[in-house]
Every structure is written in C-alpha cells, then in structure tokens.
Amino acid sequence: MNRFAPLFLAVSLAVLSACGQQAAKDETSQVAPEAKPGLALSGGELVLPAVKGNPAGGYFTLVNNGDKAVTLAAVNVTGTARAEMHETTGESMTPLATLEIKPGETVRFERGGKHVMAFDLDPALTAGGTAELTLTFADGDKLSAPLKLQAPGGDMGSMEGMDHSVHMEHSN
Ligand SMILES: [Cu+2]
C-alpha cells in the first residue's frame, strides 16, 4: 500500500495543476468579445444564488436572424468554473448537450425553462456587476454578451435555489 502512495500523490498534483491551467486559459480567451453573424443575444442576466456555494442561473434571449440553423454546443461564464445548459421540465432538470436554433427562431433562456447554470462562482461576482457569457456553436463560432449580475430574491429566486440543490445532488 505504501509504495503506491507517492504515485497517487503525483497523479493528484497533476490533476490539480491541470485544473489551474484550464481556469487561467479560459479567462484570457474571453477577453475579446466575439459575435456570430446573424445571431442576436439580449436581456442577459445572471441571478446569484441565495446560498453561497450554490450555482447561479443565467437567462437571456437568443434570436437567429440568419438563414441557417445553428447548434449551440457549449456555454461559458466569466468568474465561474463551469457552466451548463439545462432545461427544467416539471420538477426535474435535464442537461442539454446541444441546442439547435432554426432560422427565424427565438430561444428564451428563462426561469422554469431552458437556462444556463454556472458553478463555483468567484466571490468577486456581486449584484450590480457584470459577467461575460460566451456561447460556442458546433461550427466553432462564438458569441459573447454581458450578463447583468442580479441579487437573488423574490419567490422566483428561492424556487431557483431549490432547483439548483436538486441538480447538485444528481450531478455529483
Ligand atoms: Cu439547472
């Protein structure tokens, strides 16, 4: 058992440093805003969790004004370690791996429906500030837009908090 301990430690350190590099790289790659032709994103907001350590909910409206369908493949939010697309149906939440948006289609990310969930928030994210959302499409194109940071609050805020804790259990 003892002779495996150094190997285990080395592997753990390698994983830790890989995560650190990843986070640093994400930050620099999101400095320049990018825009995918034909797509318009508006009303971006990120609702901070009522309970520290819980994920935040990202909401916005995305319109495809182009003449081709696009496929949303990944989301990133500055100041968070990881973001996912989810869809709430009834009482459960399903991760969305991809989302197709047809020409002329408007997709709303909103409370109780499709939403972005962002995990491991930087404490520097506070209400009144701004985070940057970057959407990555299946063809590699990106679209960046600001998310207004909102304080949790109201009935919707606490409902969202409940949804998030359910998700955290099944994701771990
Ligand atoms: Cu969710």
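Using the structure shown, decide if Leu125 is surrounded by 15 or more Cβ atoms within 10 Å (Cβ to Cβ), within 16 Å of the ligand (Cβ to nearest atom) and modelled with pLDDT of 95 or more.
no
Residue by residue, here is whether (1) within 22 Å of Leu143 (Cβ to Cβ); (2) within 16 Å of the ligand (Cβ to nearest atom); (3) at pLDDT below 95 holds:
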site: Gly90; (1), (2), (3): no, yes, yes
site: Ala97; (1), (2), (3): yes, yes, no
site: Glu105; (1), (2), (3): yes, no, no
site: Phe109; (1), (2), (3): yes, yes, no
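Give segment 137-150 a look and list any residue that's surrounded by fewer than 17 Cβ atoms within 10 Å (Cβ to Cβ) and closer than 25 Å to Lys68 by Cβ, or say none.
The answer is Ala138, Asp139, Gly140, Asp141.
Could you please tell me which pairs satisfy a Cβ distance under 9 Å, a separation of 6+ or placement on different chains, a first residue in segment 119-140 that is within 19 Å of Leu48 (Cβ to Cβ), and a second residue that is basic (Lys, Arg) and assigned to a loop (DSSP other than H, G, I, E, B)?
Within 9 Å, the pairs are Leu121/Lys52; Pro123/Lys52.
Let's see how each residue does on (1) touching a strand residue (DSSP E or B) at 6+ places or on another chain (Cβ under 8 Å); (2) closer than 18 Å to Ala35 by Cβ:
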{"position": "Thr89", "(1), (2)": "no, no"}
{"position": "Thr94", "(1), (2)": "yes, no"}
{"position": "Met117", "(1), (2)": "yes, no"}
{"position": "Leu121", "(1), (2)": "yes, no"}
{"position": "Phe137", "(1), (2)": "yes, yes"}
{"position": "Gly140", "(1), (2)": "no, yes"}
{"position": "Ser144", "(1), (2)": "yes, yes"}
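For segment 49-66, which positions are within 16 Å of the ligand (Cβ to nearest atom) and either of a type in the set (Ser, Thr, Tyr) or without any contact (Cβ under 8 Å) to a residue 40 or more places away in the chain (or both)?
Gly53, Tyr59 - these are the residues of segment 49-66 that are within 16 Å of the ligand (Cβ to nearest atom) and either of a type in the set (Ser, Thr, Tyr) or without any contact (Cβ under 8 Å) to a residue 40 or more places away in the chain (or both).
Can you name every residue in segment 151-172 that is assigned to a loop (DSSP other than H, G, I, E, B) and either modelled with pLDDT of 95 or more or surrounded by 17 or more Cβ atoms within 10 Å (Cβ to Cβ) (or both)?
Those that are assigned to a loop (DSSP other than H, G, I, E, B) and either modelled with pLDDT of 95 or more or surrounded by 17 or more Cβ atoms within 10 Å (Cβ to Cβ) (or both): Ala151, Pro152.
Could you figure out which of (1) within 22 Å of Glu34 (Cα to Cα); (2) at pLDDT below 95 isn't true of Ala73?
Answer for Ala73: the failing condition is (2).
Of all the residues that make up segment 81-115, how many are touching a Phe, Trp or Tyr at 6+ places or on another chain (Cβ under 6 Å) and either within 15 Å of Leu41 (Cα to Cα) or crowded, with 21+ Cβ neighbours inside 10 Å (or both)?
Looking only at that region, the number is 3.
The values are calculated or read from the model by the stated rules, or taken from the named source; none is laboratory data. Keep in mind the model is a prediction, meaning the values are calculated, not measured. All Cβ positions, even for glycine, are placed from backbone atoms using ideal geometry, and neighbour counts span all protein chains on display.
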